[in-house]
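I have placed the structure first, in the form of structure tokens, so that the comments after it can refer back to it.
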Amino acid sequence: MECQAADLALELNDASVHADQAFLDAATDPAAKPEADHAAADVRQSRERLDRVNGALQAAEARKEENDLAAQEATEEAAWRKAEKLARARQDVGVEIDTLVLKLADRWTEMLKLGEELYGAAPVRGAKLHNSLMAPENVEKALRLYLFKSKFTWASSYPWNPDDIEAFSTVVKTGNAAVMAHRPKITEAA
């Protein structure tokens with residue numbers, strides 16, 4: 001359509017040049033007046049066709065802009081729907097983590113209490129509580145190292161291979177065994 005507009009612009013220019021010549025001829029020769037009138041009509045028709053084509057081009061450009069805008073809005077809306085879905089999923093995980101942390105806090109308190117009770121219940125203990133694997137500081141260290149091993153790098157620092165870190169339950173088992181190792185062996189009478 002742009003080529004058509006360019007062709008019509010050339011046609012209008014040619015018609016205008018011809019009309020100017022025809023008007024000049026009609027000014028000096030009254031017999032040339034019908035040709036001048038016909039040339040003026042050609043100019044009007046060429047201008048109208050060019051105006052219609054230019055109008056159609058503007059309408060096409062406006063339609064393209066509207067379509068582009070609609071496509072952009074549709075793309076943005078789809079992105080916002082995806083973002084909204086991700087935000088809901090993230091919120092669900094956040095609530096789940098809240099629940100896990102609250103459960104962990106309760107279990108942590110119970111772990112420390114049981115460790116102190118185990119240490120206190122054993123008639124022979126070996127090391128002082130603060131030096132034993134029951135000490136809250138030592139239990140916390142073991143938990144932090146295990147969290148570090150489990151990709152919670154903020155929980156601790158460990159310059160060696162994280163695969164060398166024992167599972168938290170293994171450290172607890174070792175602490176229990178250290179206390180229970182002081183229990184005398186019962187020998188059966190023969």
Please go through segment 151-166 and pick out each residue that is on the phi < 0 side of the Ramachandran plot and exposed (fewer than 10 other Cβ atoms within 10 Å of the Cβ).
TRP154, SER157, PRO159, TRP160, ASN161, ASP163, ASP164
Of all residues making up segment 145-190, the number that are assigned to a helix (DSSP H, G or I) and farther than 29 Å from GLY120 by Cα
5
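Since every read-out is calculated from the coordinates, none of them should be taken as a lab result. Note that the structure is a prediction, hence the values are computed from the model and not measured. All Cβ positions, glycine included, derive from the backbone under ideal geometry; neighbour counts span all protein chains shown.
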